[in-house]
Amino acid sequence: MPDPNGFLRYNRRLPARRPVPVRISDWREVYPPAGEELIREQATRCMDCGIPFCHDGCPLGNRIPDWNDLVRTGNWDAAVDSLHATNNFPEFTGRLCPAPCEAACVLGIGGGEPVTIKQVEVEIADAAVARGGLSPRPVPAPTGRSVAVVGSGPAGLAAAQQLARAGHAVTVYERDDAIGGLLRYGIPDFKLEKVHIDRRVAQLSAEGVRFRTGVNVGVDVTAEQLRAEHDAVLLACGALRGRDTPETPGRGLRGVHQAMDHLVAANRVVAAAAAGGRPDTAVLPDGNPIDAAGKHIVIIGGGDTAADCLGVAHRQGAAGVHQLDLYPQPPQARDEARDPWPTWPWLLRSYPAHEEGGERVFAVAVQEFVDDGTGQVRAVRIAEVTVEKRDGRRIVTPLPGSERELPADLVLLAIGFEGTEEQPLLDQLGVGRNARGAIDARPDWQTDIDGVFVAGDMHRGASLIVWAIAEGRAAAAAIHAYLGGTGTLPAPVDPARQPLAAR
Ligand SMILES: Cc1cc2nc3c(=O)[nH]c(=O)nc-3n(C[C@H](O)[C@H](O)[C@H](O)COP(=O)(O)OP(=O)(O)OC[C@H]3O[C@@H](n4cnc5c(N)ncnc54)[C@H](O)[C@@H]3O)c2cc1C
Ligand code: SF4
């Protein structure tokens, strides 16, 4: 029985972030461990609602009130089990999820303060490590069936773990040199230190999952070979086709790059240093440098990717950073008429990177990347704009006379993703991208090709880690059924499931 007065006795409190000057001088995570006293206090605020709306916000169906109460009472081992019953990797979601569960928490009604669900989650996840709760599960009797998982992001890894624990022989193919998908070389260490991925890779390996890195399926191994070797294939290749702006004058100048070029290069430097290598500057695959040190940076875009570029730019020693957003500044509090509780609200989202410096500029669009006369960008010419939707299309109108220049030595395009990449694997399988650039799934997670399944961003379009894990778990359940496995595996979502929305 939870404490019925907990939320009256305690206000919502999060642990202090590490001081800005300290944290931008390294790549360590921004949040230090919270401490047991604070977490038990915050878990006490949970009312164990008769209808826990937090569940509806979370696609994994995390048993939030259960583990809140277990933490409140100091029952950490049971909390670890309860959390892992629905989530393979709570240390990822606890650190990185924007927490739709908190947006749906009953305590948030009318501008109230939701339970710090995500913080409780990450503390349970870390307690699992401290208490040996990440020990591999015993390998079950083999079913004799084998599954290829293509892509090692959270969707592929969640599916691989579920299937291996059901006794199937699972091989994860990853074209990169390390496992983790966007968690490895997209998301910077100040949000997720890579030791968390390494621990899970060790756990999955001990549970029988085989990892093959440096294998680009469709190039190094054909789809035909893959299908001949395995009884089922799961595609979990992400949605990594970055949106571009080819029509903007000056797009071809040196110094104008996709955000992922910057993030991957920076993450590789951090990874090399962690492995004992010599600290170096960030370089593109062609060897040219892409480093923010001493430069004026303009980041175009307002989401996670843009905020990650901002944090990286400051750690690399940028001279100044502007972050541009096409849309006007969102409100600070939920607009109940537009996004009523418990839906996900349109709000001004400030990430820890925003308190580290830089200037955010809203309601502007780039008119030109300006040449310094040598083919290198020297400025970005922007105009104030209005944006409206007409017949489903976005109409951007510049305000006459509002143009100005921002200095720019390096411009990073963080304007979203256009679905999964076109690649030989899809041609070989005969699987086509839909209008959103994603791969359609039938209700049983199969593509149009029998025995070929799809999950994560590749199916949903660029989304969140929590959705990738949920889809990986659900696709694993479908594959298990397809292979005639005994019993059923949990399937938290179906392919048509959408986030809570009022419209
Ligand atoms: C910069 C950035 C920051 C983000 N921050 C957050 C955040 O803070 N919180 C959050 O919830 N979400 C965040 N996201 C979104 C989140 O990372 C993704 O939704 C999630 O990683 C999708 O998981 P996935 O497994 O579907 O695909 P991915 O993580 O994209 O993994 C796909 C993998 O497939 C591999 N692959 C592709 N084709 C092949 C092939 N032919 N052969 C072998 N391997 C192949 C790729 O190399 C890649 O490793 C962020 C995204 C970006 C880009
Ligand atoms: S909605 Fe909030 S208060 Fe209610 S059970 Fe969930 S976390 Fe606890």
Across the stretch 485-498, in residue order, what do the Karplus-derived ³J(HN,Hα) couplings come to in whole Hz, using 6.51 cos²θ - 1.76 cosθ + 1.60 with θ = phi - 60° and x for Gly and Pro? x, 7, x, 10, 9, x, 10, x, 9, 10, x, 8, 5, 10
How much length would be gained if the chain were fully extended between E224 and Y10, taking 0.36 nm per residue of separation minus their Cα-Cα distance, in nm to one decimal? 71.1 nm
Over the chain, what relative contact order in percent results from Cα pairs under 8 Å that are six or more residues apart? 16
Which peptide among 131-144, 223-236 comes first, and what is the full order, when sorted by highest mean count of other Cβ atoms within 10 Å? 223-236, 131-144
Apply the Karplus curve 6.51 cos²θ - 1.76 cosθ + 1.60, θ = phi - 60°, to the phi angles in the stretch 377-393 and return the couplings in whole Hz, x for Gly and Pro. 5, 10, 7, 10, 8, 10, 9, 5, 9, 10, 10, 9, 9, 10, 6, x, 9
At q = 0.14 Å⁻¹, what log₁₀ I(q)/I(0) does the stretch 246-385 have when each alpha carbon counts as one equal point scatterer in the Debye sum? -0.74
At 37 °C and a viscosity of 0.692 mPa s, what translational diffusion coefficient does Stokes-Einstein give for the chain, taking Rh as the Kirkwood radius over Cα pairs? Give it in µm²/s as a whole number. 137
Among L226, T213, P188 - extreme Cα towards positive end, dipole of the stretch 176-240, charges at beta-carbon: P188
In Å and from the alpha-carbon atoms only, list the Rg and Dmax of the stretch 141-190. 12.3, 42
Cβ-placed point charges (K, R +1; D, E -1), dipole of the stretch 277-366 about Cα centre in debye, nearest 20: 80
Once the stretch 367-409 is represented by equal point scatterers at the alpha-carbon sites, with solvent omitted, what log10 I(q)/I(0) does the Debye formula produce at q = 0.31 Å⁻¹? -0.98
Between R243 and W346, what is the label-to-label distance in nm when each label sits 7 Å out along the Cα-to-Cβ direction? 1.4
Mind checking the full-extension length gain between A206 and Q329? Use 0.36 nm per residue of separation minus the Cα-Cα distance, one decimal, nm. 39.5 nm
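Rounded to the nearest 500 deg cm²/dmol, what is the calculated helix-only ellipticity per residue at 222 nm for the chain, with -39500 (n - 2.57) per DSSP H run of length n ≥ 4?
Calculated from helices alone, the mean residue ellipticity at 222 nm is -8500 deg cm²/dmol.
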Net charge contributed by nearby residues that have their C-beta within less than 9 Å of P59 (K/R +1, D/E -1): 0
Probe 1.4 Å, all protein chains present, accessible-area order of D26, D339, largest first: D26, D339
Eligible lysines near K191 by straight Cα distance, threshold 24 Å, same-chain separation 8 or greater: K118, K295
The summed charge of the A155 Cβ neighbourhood (under 13 Å; Lys/Arg +1, Asp/Glu -1) stands at -1
For A481 paired with R251, estimate the spin-label separation in nm (one decimal), with each label point 7 Å from Cα along the Cα-to-Cβ line. 4.3
I need two numbers for the stretch 201-272: Rg to one decimal and Dmax as a whole number, Cα atoms only, in Å. 18.1, 53
The stretch 411-503, dipole about Cα centre (Lys/Arg Cβ +1, Asp/Glu Cβ -1), debye to the nearest 20: 400
Could you grab the Rg to Rh ratio for the stretch 106-204? Cα atoms only, Kirkwood for Rh. 1.07
Rounded to the nearest 10 Å², the 1.4 Å probe accessible area of R28 is 140
Pick out, from I479, L425, T447, the residue whose Cα sits farthest towards the positive end of the charge dipole of the stretch 407-490, with +1 on the Cβ of Lys and Arg and -1 on the Cβ of Asp and Glu. I479
Residues of the stretch 234-316: accessible area per residue at 1.4 Å, in Å²? 41
Cβ-Cβ cut-off under 15 Å around G144, Lys and Arg +1, Asp and Glu -1: the net charge is -1
Debye, to nearest 20: dipole size of the chain, +1 on Lys, Arg Cβ, -1 on Asp, Glu Cβ: 460
Under 16 Å from a point placed 7 Å out from the Cα of R338 along the Cα-to-Cβ direction: which residues of the stretch 359-382 have their backbone N that close? 362-364
Could you give me the ³J(HN,Hα) list for the stretch 136-144, computed from phi with Karplus coefficients 6.51, -1.76, 1.60 and θ = phi - 60°, whole Hz, x at Gly and Pro? x, 6, x, 6, x, 4, x, 7, x
Report the Stokes-Einstein translational diffusion coefficient (µm² s⁻¹, integer) for the stretch 63-123, Rh taken as the Kirkwood radius over Cα pairs, at 37 °C with viscosity 0.692 mPa s. 276
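Could you tell me which trypsin sites (Lys or Arg not before Pro) in the stretch 430-466 are loop residues by DSSP with no more than 15 other beta carbons within 10 angstrom of their beta carbon?
Those that pass, being in a loop and sparsely packed, are R436.
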Sort 201-209, 463-471 by the packing proxy (mean of other Cβ within 10 Å over each peptide's residues), most packed first. 463-471, 201-209
Unit charges at the beta carbon, dipole of the chain: most positive-side option, V120, I24, G437: V120
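Using only the Cα atoms of the stretch 1-159, construct the convex hull and provide its projected area averaged over every direction, in square nanometres to one decimal.
Value for the stretch 1-159: 12.1 nm².
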Stretch S135-N216 to full length: gain in nm at 0.36 nm per residue minus the Cα-Cα span? 26.1 nm
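On average over all directions, what projected area in square nanometres does the stretch 254-323 have, based on the convex hull of its Cα atoms? Working shown, then result.
On the way: hull surface 18.3 nm².
With every direction weighted equally, the projected area is 4.6 nm².
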Using amide H atoms built in the peptide plane, which far-off residues or other-chain residues are under 5 Å from Q323 H to H? I299, E359, R360, V361
Of the accessible area of the chain, computed with a 1.4 Å probe and all protein chains kept, carbon and sulfur make up a percent value of 51
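The values are calculated or read from the model by the stated rules, or taken from the named source; none is laboratory data. As the structure is a computational prediction, the values presented were derived from the model and not from experiment. Because the Cβ atoms are built from the backbone with ideal geometry, glycine has one as well, and the counts that use them run over all protein chains shown. Surface areas here come from the heavy atoms of the whole protein model, side chains and all, with no ligands, DNA or RNA. Shrake-Rupley method; radii C 1.70, N 1.55, O 1.52, S 1.80 Å.
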